[in-house]
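The values are calculated or read from the model by the stated rules, or taken from the named source; none is laboratory data. Source: prediction; values computed, not measured. For neighbour counting, all protein chains shown are included, and Cβ atoms are generated from backbone atoms with ideal geometry for every residue, glycine included.
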Amino acid sequence: MRRVATYLGVFAVAAVVLQLFVFDSMRLSIYFSPLAYVGFVLLLPVNARPLTMLLLGFATGVFVDVFEGTAGLHTAVTLWTAFSRRWVMLLTLGRETVEEQTAMPSAKLLGGAKFLRYVALAVAVHAMLCFSLEAETWGNYGQVATKALVSGAVTVWAVWATSLVFTIKTRKKA
């Protein structure tokens, strides 16, 4: 249990710190706004309990909202992502994979194509919802879709890279 708590703590801090100090300072245009913190929710173990998912999604969103001053935007979107995560996994990975796996989803565990489908769909929904709520209007739908596409692509890359970092096994020296 202590190992899991340590892992979750390090992982949460890494995801949120990446978001707050790296990706938020890289805003090159209005279309480039990566949402790397969503990787924390997407990369939790496949068999994580629903209540745990919701609580961790809520906490992640609140933490990002506090530091970005977005008054609940990221909390709402991250909570929705945590809630819909299992459905997205079932849709993209298949029931057998979801029921058999207990580890963190990764390209190594699931295969590159399945993992990419899972992350891309979850990030696309997350980004569209986030930027739609941020725009507060349906009049700028083209701009919202463009922002979601550009930021979503960078977010998928960030989640992929994070999964690689957290699934690398160290070699034992003989």
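From the list L79, L110, the one residue that fits, being crowded, with 18+ Cβ neighbours inside 10 Å, over 16 Å from A127 (Cα atoms) and out of contact with any strand residue (DSSP E or B) (no Cβ under 8 Å at 6 or more places or on another chain), is L110.
Considering the stretch 51-69, and only residues there that are under 18 Å from V123 (Cα atoms) and of a type in the set (A, V, I, L, M, F, W, C), the residue that is modelled with the lowest pLDDT turns out to be V64.
Listed by position, the helices (runs of 4 or more DSSP H) enclosed by the stretch 70-157 that each have at least 2 residues that are at pLDDT 90 or above and farther than 20 Å from L51 by Cα are 73-93, 112-135. Residue check: V159 meets all listed conditions (1) over 21 Å from M104 (Cα atoms); (2) touching a Leu at 6+ places or on another chain (Cβ under 7 Å) but one, namely (1).
If you filter the stretch 158-174 down to residues that are under 19 Å from T78 (Cβ atoms) and among the hydroxyl-bearing types (S, T, Y), you find that the one that is modelled with the highest pLDDT is S163. Selection of the stretch 67-95 for residues being touching a residue at least 24 places away in the same chain (Cβ under 8 Å) and in contact with a Gly (Cβ under 9 Å, 6 or more places away or on another chain) yields L73, H74, A76, V77, T78, L79, W80, T81, A82, F83, R85.
For the stretch 97-111, state whether one or more residues are over 18 Å from S163 (Cβ atoms) and either among the charged types (D, E, K, R) or touching a Gly at 6+ places or on another chain (Cβ under 9 Å) (or both). For the stretch 97-111, residues over 18 Å from S163 (Cβ atoms) and either among the charged types (D, E, K, R) or touching a Gly at 6+ places or on another chain (Cβ under 9 Å) (or both): present.
Could you tell me whether the stretch 156-170 includes any residue that is of a type in the set (S, T, Y) and in contact with a His (Cβ under 9 Å, 6 or more places away or on another chain)?
no
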